[in-house]
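**Q** What follows is a single structure, and I will ask about it in a moment.
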Amino acid sequence: MWLRRTAKQGSNAPAELADPCDHAGMQFIGIDLGSTSIKGAVLDLDARALSDIIRRPFPLPLANLPRWHYEVSPDAVLQATRDVLDELLDHAP
């Protein structure tokens with residue numbers, strides 16, 4: 001279990017450690033930008049489980065680069081990541 005530090009507003013009391021699992025129904029989306037694929041999944045904190053795991057190929061490198069150069073368009077990476085996020089958001093309202 002992980003904890004996060006929170007502070008009560010309008011109080012001089014020290015910050016308290018709060019357990020994010022106390023929020024019923026809370027879900028997160030995780031994204032992994034790897035060198036060969038972009039992966040994403042929905043994390044359900046109540047069930048402590050991953051669901052709706054999606055894997056898409058990483059965008060192809062730019063054409064006509066000098067030998068031994070490898071460069072990918074940032075716009076293509078951003079669009080591929082947005083596509084994964086859009087698909088995951090349908091499963092994590």
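Readers should treat all values here as calculations from the given coordinates under stated rules, not as data from a laboratory. Source: prediction; values computed, not measured. Cβ sites come from the backbone with ideal geometry, for glycine too, and all protein chains shown count toward neighbours.
**Q** Just to confirm a number: summing +1 for Lys and Arg and -1 for Asp and Glu over residues other than L62 whose beta-carbon lies under 12 angstrom from that of L62, what do you get?
**A** In short, -2.
**Q** In addition: If amide hydrogens are placed 1.01 Å from N in the peptide plane, which non-local residues have theirs closer than 5 Å to the one on I38?
**A** Under 5 Å from the amide H of I38: R56, F58.
**Q** I'd like the Karplus ³J(HN,Hα) series for the stretch 52-67: coefficients 6.51, -1.76, 1.60, θ = phi - 60°, whole numbers in Hz, and an x wherever there's a Gly or Pro.
**A** With the stated coefficients, the stretch 52-67 comes to 6, 6, 10, 9, 10, x, 5, x, 6, x, 5, 7, 6, 8, x, 4 Hz.
**Q** Residue by residue through the stretch 34-39, which ³J(HN,Hα) values in whole Hz follow from phi under the Karplus form 6.51 cos²θ - 1.76 cosθ + 1.60 (θ = phi - 60°), with glycine and proline marked x?
**A** Here the 3J(HN,Hα) series is x, 7, 10, 7, 10, 10 Hz.
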